[in-house]
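Encoded as structure tokens, the structure appears first; notes follow it.
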Amino acid sequence: MADAVLRIFSYLPNPRVWKAQIAAKLAGVEVEVVGAAPDRLSDWLWDFEARPLAEEERTEDSPWARVSRRGFSGTLFKTDSFLERHPFGTVPAAFSPDGQIGIFESNSILRAVARAAGPNCTLYGRDGYEASRVDSFLDASLVFAREAQVYLLGMREMTETLHRRMLGASEFFFDGIDRALSNDAFIAGGELTLADVAFACDLAQLLFERRSREALAAKGMVPVSDSLAAYGRTARHLLDLVDRPAFAHTVGSALDRYRQDLESYAQAR
């Protein structure tokens with residue numbers, strides 16, 4: 001196996017980490033992913049050399065003990081070195097091979113994979129203008145993904161306001177993607193790029209809401225992702241991507257249970 005171009009620490013599985021894994025497969029490079037299920041990550045030492053901690057190491061007076069401020073409750077264990085390289089203290093957290101440089105936010109980690117692949121990799125476009133167009137879609141995708149994350153975290157206490165806000169964000173995002181796909185085979189142009197990778201993973205994250213269909217129905221709501229029924233190009237593009245080998249193991253397997261719905265949405269013009 002080739003040396004990893006990045007090491008990534010995160011809870012697993014994580015659609016935001018899938019982005020880097022898919023890009024690495026497309027680019028022919030290796031990334032190393034380390035982590036555990038979300039409810040086990042509080043037992044880990046957050047570091048370049050991340051590892052599970054023994055019970056006697058997980059104490060309130062540990063030099064690594066930190067109060068969790070986002071995404072987790074209780075105490076987390078993060079080294080000073082981790083926080084120096086990841087000042088926001090969040091995951092996924094990527095590191096350069098020597099551990100000296102920290103890279104955070106999933107789309108930045110995604111870009112780092114493409115850059116590490118070298119000049120022959122076209123996932124980030126063929127020149128600065130194409131790269132900037134890819135960036136435009138990555139920025140839009142990040143806004144959509146952030147809304148989806150807040151929405152999904154609020155699923156247990158869903159409100160009409162939160163549901164309506166996610167519906168508006170989704171329709172805005174789907175409309176832009178659909179319009180882009182009306183002109184080109186891929187989101188940012190004639191070739192598959194990081195924009196397609198981020199799109200597939202961020203939309204997959206939203207589709208996880210469908211596990212809570214009954215809970216939504218009890219509040220008189222339907223999954224926001226049902227609005228894909230009006231955006232056939234977007235649904236068809238997702239299906240095309242998840243059937244590709246680089247996507248199949250992560251996004252593809254995660255969306256198998258929703259394939260019938262996606263295929264029905266793909267019939268829309």
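Here are a few things to note about the model shown:
- Enumeration of residues in the stretch 45-62 that are surrounded by 21 or more Cβ atoms within 10 Å (Cβ to Cβ) and not in a loop (DSSP other than H, G, I, E, B): W46
- Residues that are within 15 Å of S106 (Cα to Cα) and not in a helix (DSSP H, G or I), drawn from the stretch 11-31: Y11, L12, P13, N14, V31
- Selection from the stretch 63-75 of residues that are among the basic types (K, R) and not in a loop (DSSP other than H, G, I, E, B): R66
- Any chance V34 is in a helix (DSSP H, G or I), β-branched (V, I, T) and closer than 20 Å to R16 by Cα: no
- Single unsatisfied condition, G74 versus (1) surrounded by 15 or more Cβ atoms within 10 Å (Cβ to Cβ); (2) at positive phi: (1)
- Some residue of the stretch 123-132 being in contact with a helix residue (DSSP H, G or I) (Cβ under 7 Å, 6 or more places away or on another chain), in contact (Cβ under 8 Å) with a residue 24 or more places away in the chain and either among the β-branched types (V, I, T) or part of a strand (DSSP E or B) (or both): no
- Sole residue being outside the structural domain of E191 (by TED's automatic domain parsing), more than 20 Å from the chain's Cα centre (by Cα) and hydrophobic (A, V, I, L, M, F, W, C), chosen from L76, L110: L76
- Qualifying positions in the stretch 1-51 - without any contact (Cβ under 8 Å) to a residue 40 or more places away in the chain and small (G, A, S): A2, A36, A37, S42
The values are calculated or read from the model by the stated rules, or taken from the named source; none is laboratory data. Predicted model only: the values in this text are computed from it and were never measured. Positions of Cβ are backbone-derived with ideal geometry, glycine not excepted, and every protein chain shown enters the neighbour counts.
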